[in-house]
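Comments concern the structure below.
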């Protein structure tokens, strides 16, 4: 719940308490008037205790009203927005030590493009279809790449 709403609720409760205090005060005054008028008159100690109780209760209500006003006029709380920053993917280090020169050339071409069609790989490297297929088979065996079938051609993707 917002601070302003709580402040308004406290003001309403304070108003009700003030009404109850004055009703209680008038009832106590009537009781004291009927019981003490003959013996002590206006100097009865009961009148003093009624006044003390009234002032104390009004002071407490005044404190509640002060808190309510502070809540009403205070600035609303700002919402804290936490954005999660995506971690940058670390460059995967590939072990190319066991690869031949042709395989390294094909792998570097794939690495430059991230994903590439097998037909485009044939054009860029200048190797034949069969040779590219065999090289890609070996790279898949080393778990460096992955081929996915897309219609009539394959898409070659780096494994992460």
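Could you go through segment 128-143 and let me know if any residue there is exposed (fewer than 12 other Cβ atoms within 10 Å of the Cβ) and within 40 Å of the chain's Cα centre (by Cα). Among the residues of segment 128-143, not one is exposed (fewer than 12 other Cβ atoms within 10 Å of the Cβ) and within 40 Å of the chain's Cα centre (by Cα), which makes the answer no.
Of everything in segment 104-128, what is outside any helix (DSSP H, G or I) and under 19 Å from residue 149 (Cβ atoms)? Give them in sequence order. Steps first, answer last, please.
Initially, segment 104-128 is screened for residues outside any helix (DSSP H, G or I), giving 114-117, 126-128.
Listed by number, the residues that qualify are 114, 115, 116, 117.
Considering the conditions (1) assigned by TED's automatic domain parsing to the domain that holds residue 24; (2) over 30 Å from residue 9 (Cβ atoms); (3) loosely packed, with under 15 Cβ neighbours inside 10 Å, residue 86 is excluded by exactly one of them, (1).
Here is the figure for segment 129-160: residues that are closer than 23 Å to residue 98 by Cβ and assigned to a loop (DSSP other than H, G, I, E, B) total 5. Among the residues of segment 93-103, those identified as assigned to a helix (DSSP H, G or I) and surrounded by fewer than 16 Cβ atoms within 10 Å (Cβ to Cβ) are 101, 102.
In segment 60-74, the count of residues that are in a loop (DSSP other than H, G, I, E, B) and surrounded by fewer than 10 Cβ atoms within 10 Å (Cβ to Cβ) is zero.
Would you mind stating whether residue 21 is farther than 18 Å from residue 5 by Cα, part of a loop (DSSP other than H, G, I, E, B) and modelled with pLDDT of 80 or more? No: the conditions fail for residue 21.
The values are calculated or read from the model by the stated rules, or taken from the named source; none is laboratory data. All values derive from a computational prediction rather than experimental measurement. For neighbour counting, all protein chains shown are included, and Cβ atoms are generated from backbone atoms with ideal geometry for every residue, glycine included.
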